[in-house]
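The values are calculated or read from the model by the stated rules, or taken from the named source; none is laboratory data. Keep in mind it's a predicted model, so treat the numbers as computed, not measured. Cβ atoms come from the backbone with ideal geometry, glycine included; neighbour counts cover every protein chain shown. Heavy atoms of the whole protein, side chains included, go into the accessibility calculation; ligands, DNA and RNA do not. Shrake-Rupley method; radii C 1.70, N 1.55, O 1.52, S 1.80 Å.
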Amino acid sequence: MKRLLILCIASFVLGPYSPHLWGEGRRELLGAWNSSLLTEQGKTLVYHADADGFVLPDFSHAGYQGGDADLPEVPTVSILTPVSGDNTARIQAAIDAVGQRPLVNGIRGALLLQAGTYTIAGTLSVPYSGVVLRGEGANTILRATGDTPHQRDVLVVGSSKRIWGATVVSGTKQNIVTQIVRPGDTTITVSNASAFSVGQPLIIYHPCTAAWLAAVNYGGVPYPDPSDPSADDERWTVNSYPIVYHRYINAINGNTLTLDAPVFYTLNRTLSQSYVYVPDMSGTITNSGVENLSIVIDSNGGEDENHAWNALRFRSCENVWAVDCSFSGFGQAGLVTEACRRSTFLRCNAVDPVGITTGERMYNFNTYLYSQLLLFDSCYARGGRHHFMSNGTSSTSGNVFLYCTSDAINSVNEGHRAWTQGMLYDNHREVNMIRPFTLGLYNRVAMGTGHGWAAVQSVLWNCDVDATYGTIGLQKPPTSQNYAIGCQAKKITGTPVSASSFTLGYVEGQNRQGLSPASLYRAQWQARHSASTPSGEDDAHPDLIPLSYLGKHTLCIHRPIATLAIYNPDGRLLYEVHHLSAISSLILPDTISGIVIVTCHDDQSNYTCRFAL
């Protein structure tokens, strides 16, 4: 089946990135329908509870500055060109020099690596706030050679330590006295709020108690394991998987705190006495990023594992980003986040990992421990085992994969282990499928190291795994729910693999076209910010492409376009149309296929994108 896919590669500079991207154009779509859980009233979204009393969480706080600011335009302050031999020390010295510059509005400056190949025999580190490592596009290549130390990271943005908020500021620990805090709630009442002030960071901590473990059937890990009766007991134990949220205090009313973002799982005092405290976040890196470059890891191919292992790691960061970057040849991850929050990863590619196709490998985009409120927008992954996934257990939540493409995956895009909460796959697409089961929110039972219930209170929205072939695994966890709304799949099942058969999660509109809003994240963002948008003004960013893809060779036009043209890579005109109106749809001819260049001109700018049909 032919599809129009945004490939994560753009031949233009977007300027400042806005988290809401393009408008939805949703009300004019032929056959548009709303979920029973979410209806639209103008720019307002109205939430309706499911049979268990849950409402869909608000995911719009994912991304840089919690989705509330554009990525900054960081000026170039230093330039390097490649030299023969190892460039590690030269680049590191230049990064260090930028890191010594004064912070001005949180920014120091960017180091520009001009086009060329930079051999990297070690690890590059950006342990400074306000520093950007920038290339000149795909022709700026960091080529990682050798294997010293064994299976190293190539580039690390952030600290060498994992800083997530473990240290309690003295005198700030207080119990939550709200009996039940439900998913989506942004207010909590504590025993005494006198130690808190607006703007402070806050850790919400739900201990992993015996009562809670009993309520979730010890993680859903079977013992004895029917598939291996001699295996060790891997059921979850007390203190093994506490639930942790990092938030900021937006308001205080008596002993009630208003948070900057919701929680994504029920905090029930009868099962676990949750508490809050102000954490010491010293050492966290902010406002740093990587832009417009490629990291290529050399190896012998095949199952070689003696090479650099992760291309890019963000550790102990907040409000950071990677934009227009490509990663290949990694053993574990192209991009991995760890103790990373409120950050954006835009139009990045992670392709063609090298290693043994087995556990702990080939996680192209990997949200690891304490990864929260991250936005992966228009990213592309190929040839891995778990392309877009959470490997972060119960400390990871609120992460969004928006308009991402998974190509020839060898296993499943999924919550991978131990109670990740609040994952959103929004307009996720599978292509070149080599197996049916490729997308799942389910119990991984005794897989791995007792992974158990891997994702809870998570949503698949308008995803496409091929209605004629693909399978979505969707199960209802104890004390929670998972959702698949408006998804294209031949089968959505509570038994995606023989070892895991549980109650089917919430399914609505399977293989039904026209789900509105087309994107849950974008609609929630617009609804949350509509109060600050003057009446009559468009809240879509003017510098970004005025269209988006709806599937089935259909484009949604969000602003007036004077001329839209499609060319093949050699410049031959394939299709042209004029005077497209705002909030309309355009169906492209089926005769157009392969790699194409799409250009459009409106009353503000010219835009050029690269697509594959």
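For the reader, a short list of remarks on this structure follows.
- Debye log10 I(q)/I(0) at q = 0.17, 0.19, 0.27 Å⁻¹ for region 302-381, Cα point scatterers: -0.61, -0.74, -1.25
- Under the criterion of Cα pairs below 8 Å and six or more residues apart, the relative contact order for region 286-379 equals 29 percent.
- Under a 5 Å amide H cut-off, with hydrogens placed 1.01 Å from N, THR167 pairs with ASP280 among residues at least 5 apart or on other chains.
- Projected-area mean, region 82-194, by convex hull of Cα positions, square nanometres: 12.0
- Where the Cα pairs of the chain fall when distances are cut into 20 Å bins, in %: 20, 56, 23, 1
- Between amide H atoms placed 1.01 Å from N, distances below 5 Å from ASP185 occur with VAL263, all of them 5 or more places distant or on a separate chain.
- Beta bridges by DSSP in the chain, antiparallel share as percent, to the nearest 5: 35
- Take every DSSP beta bridge whose two residues both sit in region 207-321; close to 60 percent of them are antiparallel.
- Rh by Kirkwood over Cα pairs, then Stokes-Einstein D for region 230-376 at 1.002 mPa s and 20 °C, µm²/s: 119
- Beta bridge orientation in region 114-255: antiparallel %, DSSP, nearest 5: 50
- Over region 101-147: Kirkwood hydrodynamic radius from C-alpha pairwise inverse distances, Å: 12.1
- Using a Förster distance of 30 Å, the FRET efficiency for ILE180-VAL46 (Cβ separation, nearest 0.05): 0.85
- Label point distance in nm, ALA251-SER160, each placed 7 Å from Cα along Cα→Cβ: 4.5
- Karplus 3J(HN,Hα) series, Hz, for region 265-278 with 6.51 cos²θ - 1.76 cosθ + 1.60 (x for Gly, Pro): 8, 5, 9, 10, 5, 6, 9, 7, 7, 6, 9, 10, 7, 7
- Distant-in-sequence amide contacts of GLY509, defined by a placed amide H-H separation under 5 Å and a gap of 5 or more residues or a different chain, comprise GLY486.
- Surface accessible to a 1.4 Å probe, per residue, for the residues of the chain, Å²: 35
- Per-residue 3J(HN,Hα) values for region 571-576, derived from phi via the Karplus relation 6.51 cos²θ - 1.76 cosθ + 1.60 with θ = phi - 60°, read x, 7, 5, 9, 6, 8 Hz in sequence order (x marks Gly and Pro).
- Against the empirical 2.2 N^0.38 Å (N residues), region 111-261 has a Cα radius of gyration ratio of 1.56.
- Share of carbon and sulfur in the accessible heavy-atom surface of the chain [1.4 Å probe, %]: 49
- Using a Förster distance of 51 Å, the FRET efficiency for ILE587-ILE356 (Cβ separation, nearest 0.05): 0.70
- More than 17 angstrom apart: percent of Cα pairs within region 456-512: 31
- Each other residue within a Cβ distance under 13 Å of ILE492 adds +1 if Lys or Arg and -1 if Asp or Glu, for a net charge of +1.
- Calculated P(r) of region 23-113 - Cα pairs past 24 Å, %: 56
- Local electrostatic count, VAL157, Cβ distance below 9 Å [Lys/Arg +1, Asp/Glu -1]: +2
- Comparing CYS325, THR256, SER282 along the charge dipole axis of region 250-351, the residue lying farthest to the positive side is THR256, per the Cβ-charge model.
- Taken one residue at a time, the phi angles of region 522-527 give Karplus couplings (6.51, -1.76, 1.60, θ = phi - 60°) of 5, 5, 5, 4, 4, 5 Hz. Gly and Pro are set to x.
- Estimated FRET transfer efficiency when R0 is 41 angstrom, pair ASP233-ASP86 (beta carbons, to 0.05): 0.25
- One equal scatterer on each Cα of region 400-457, no solvent, Debye formula: the resulting log10 I(q)/I(0) at q = 0.25 Å⁻¹ is -1.02.
- Note that region 394-514 shows a convex hull volume over its alpha carbon atoms of 93 Å³ per residue.
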